[in-house]
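The values are calculated or read from the model by the stated rules, or taken from the named source; none is laboratory data. All figures in this text were calculated on a predicted structure; none of them were measured in a lab. With ideal geometry, Cβ positions are generated from the backbone for all residues, glycine too; neighbour counts draw on all protein chains shown. Note: accessible area is taken over every heavy atom of the protein model, side chains too, but ligands, DNA and RNA are not part of it. Shrake-Rupley method; radii C 1.70, N 1.55, O 1.52, S 1.80 Å.
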Amino acid sequence: MQTIFSFRSATLIALLLLTSISANCQDHYNERAKWFIDARFGMFIHWGIYSGAEGIWKAEKLRNDNNYAEWIQYRNRIDKPEYLKLLDSFSWENIDPEKWVILAKESGMKYVVITAKHHDGFALWNSKASNYNVAEYTNPKRDILKELAVACKKHGLKLGFYYSHWLDWEHPYGWDHTKEVTGISSENYDRYWQEKVIPQMRELLTNYGPISMIWFDMWIDHSQTVVTKAQLLQLKKLIRELQPNCLVNSRLGLSVEEDSDVDIQELGDNQLGSQKKDFPWQSPATVAHSWGFNTLDSEYKSTTTLLHSLINNVSLNGNFILNIGPKANGNVPFEISQRMLEMGKWLKVNGESIYGCSAFDLPKDQHDWGKITCRKTQTGTNLYLHIFNYPLNNKLNLSGIITKPKRIYLLADKKKTPLSFTFDTVLTTINLPSTQPDPYVTVVVIEYSQKPEIFRGLVAKTRDGGYSFTSSNLFTPVKDLKIEAEQREGTIPSYVMIKENTEFNWKVYVDKPGQKTFDVSYSYQGITDKSHIVLKVANQIVIHKVSPTGKTVGEPLSNWVIDNFKSNRMGSLNFPAAGYYDIELQIVTEQNDEVKFQWLWMK
Ligand code: JFZ
């Protein structure tokens with residue numbers, strides 16, 4: 001996924017110059033995706049025959065640690081007649097797609113994507129191309145997609161279809177994983193393609209009004225599958241012909257190197273964004289784990305966690321599509337609808353910071369209190385500070401912006417009562433109410449009368465007024481710096497291995513002059529007694545002799561012995577006046593010594 005993106009970003013920059021559409025702070029080149037990046041939040045619906053099993057078949061749970069209930073037919077080797085019998089448990093009189101749409105609407109979602117056909121091959125509409133569809137098994141005949149389309153239109157939501165193109169466990173020549181053993185000829189697979197996929201897709205794009213996106217689902221490149229590039233191109237061409245405004249997601253299975261004409265980058269299941277992209281992207285997510293309803297699923301994410309996920313993505317220019325797996329009686333599990341409605345209530349008050357908003361140009365993890373989104377307004381720019389961790393001292397520090405705010409208030413406050421703040425050079429400090437106003441996420445609005453300008457590379461002041469200097473927030477990058485990832489459940493934190501003398505430097509703005517203490521955290525297992533760390537700030541120097549930090553076991557009674565990382569007091573230095581300071585740290589290692597540097601802390 002990463003490689004696909006970097007390639008695309010490069011080509012995008014060129015295209016951007018030609019067609020820059022910047023109603024908000026996100027630049028993108030595809031007019032077709034405009035509604036999508038404004039919408040930010042959608043509903044995914046996984047519903048089909050499998051919903052009748054609820055993740056259990058003949059008293060047995062899914063034969064896979066991954067409890068995706070929509071996979072039960074394949075996982076538990078259920079044959080077609082028995083699988084179809086699950087339809088007997090459906091209460092058709094109670095099944096009403098409009099209820100799902102109303103839930104989506106009340107939850108603040110702007111689009112709905114339903115599994116028109118999942119891997120089991122069963123169509124939720126009255127398909128002429130295959131009688132393996134819902135109308136054949138209901139009396140009176142139902143067309144769930146038609147009902148959903150009508151409801152979406154009525155309530156003003158966009159409609160999209162999930163369509164499993166690669167996998168189809170029903171068609172004799174479709175792909176199920178058993179064919180990895182038995183094999184299938186490309187002629188036969190193409191019969192499936194021409195007999196079922198193409199005609200069904202034609203129906204979906206012809207009979208249900210405007211379709212906002214087709215959500216394909218193939219998570220590997222076509223070169224590794226039975227599907228050919230020609231087949232995928234045929235499919236995409238059909239979509240472009242029949243519905244030119246319809247978005248196509250990247251799980252179509254064509255890499256962007258081969259074809260840059262994909263509209264949405266789809267991340268992995270429940271994978272949240274981790275870096276800012278200008279190209280439209282989204283994370284598909286579940287409230288618990290399974291997509292189809294699984295009654296054995298029990299770890300439901302909290303409303304706060306889900307809001308954090310949505311906000312995180314928007315703060316990186318991404319979307320969030322959150323799934324419901326209704327039951328065979330049409331009901332949405334309470335654990336899911338409850339959280340969604342809570343999100344909807346929050347969005348009713350705070351939606352201004354989400355819809356049509358996008359990333360702001362500060363480093364994504366710069367502030368320990370939360371995430372920032374951005375919106376261009378008629379009179380300037382608004383920043384929305386989403387407080388994930390409400391500061392105990394009720395002071396919100398915003399570092400790195402050299403533009404003075406026009407005014408600051410809580411988004412939830414209709415009267416926009418100003419919050420008092422101080423603005424000092426590059427530090428805005430906002431006085432928050434002493435009790436957290438919103439139980440989930442409080443949003444502070446900062447209005448600027450022009451585009452807020454950034455001081456790049458500044459280390460932010462933390463919630464408790466300290467500064468953490470790491471290898472990730474350096475002012476001058478160090479060449480070939482390798483950050484070791486966390487190991488052993490984080491008992492070994494991420495660090496940089498220093499074997500040769502290395503110099504780091506950071507930039508900081510000190511608003512309160514005076515003495516500050518410095519601590520350095522490292523692990524040292526050597527014995528030379530000669531390696532040392534030199535700290536230089538404002539013409540003062542402190543030299544710290546590196547001393548062994550020892551070892552421990554990672555867990556009580558565990559047999560893995562790990563190197564300790566410990567905080568060491570370096571000393572105290574004077575900052576004579578408020579202003580910008582360079583913090584320089586030299587790690588000088590002797591002979592074969594190795595020092596694993598973690599962080600420098602100042603407060
Ligand atoms: C797929 C489906 O198999 C699943 O049933 C569900 O519909 C989900 C939304 O998509 O599952 C995937 C797809 C991609 C990855 C993992 C599971 N992936 O990229 O890691």
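What the table below lists for this structure:
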quantity: Whole-percent pair-distance distribution, where bins are 10 Å wide, for the alpha carbons of the chain; calculated: 3, 15, 22, 22, 18, 13, 6, 2, 0
quantity: Nearest 10 degrees, 0 to 90: helix 229-242 Cα axis against the chain principal axis; calculated: 80 degrees
quantity: Those trypsin sites (Lys or Arg not before Pro) in the stretch 405-438 that DSSP places in a loop and that have at most 11 other beta carbons within 10 Å; calculated: Lys414, Lys415
quantity: Segment Asp582-His532, extension gain: residue separation times 0.36 nm, minus the distance between their alpha carbons; calculated: 16.0 nm
quantity: Förster-model FRET efficiency, 22 Å R0, Asn394 and Lys416, C-beta, rounded to 0.05; calculated: 0.70
quantity: Dipole in debye (nearest 20) - the chain, about Cα centre, beta carbon charges: Lys, Arg +1; Asp, Glu -1; calculated: 1800 debye
quantity: Distance violations [Cα-Cα > 32 Å] among Lys85/Lys128; Lys461/Lys482; Lys105/Lys406; Lys34/Lys141; Lys99/Lys395; Lys99/Lys301; calculated: Lys105/Lys406; Lys34/Lys141; Lys99/Lys395
quantity: Value at 222 nm in deg cm²/dmol, rounded to 500, when DSSP H runs of n ≥ 4 in the chain each add -39,500 (n - 2.57); calculated: -5500 deg cm²/dmol
quantity: Cβ crowding within 10 Å averaged over residues, with 487-494, 445-452 ranked highest first; calculated: 445-452, 487-494
quantity: DSSP-defined beta bridges in the stretch 2-353 - what % are antiparallel, rounded to 5; calculated: 10 percent
quantity: Size-normalised alpha-carbon gyration radius of the stretch 98-227, reference 2.2 N^0.38 Å; calculated: 1.13
quantity: Computed E for Ser274/Glu489 - FRET, C-beta separation, R0 22 angstrom, nearest 0.05; calculated: 0.65
quantity: DSSP bridge pairs, the chain: antiparallel proportion in percent, nearest 5; calculated: 70 percent
quantity: Angle in degrees between helix 334-350 and the longest Cα principal axis of the chain, rounded to the nearest 10; calculated: 60 degrees
quantity: Whole-percent carbon and sulfur share, accessible surface of the chain, 1.4 Å; calculated: 51 percent
quantity: Ordering of 112-119, 474-481, 338-345, 564-571 by packing [mean C-beta count within 10 Å, highest first]; calculated: 112-119, 338-345, 564-571, 474-481
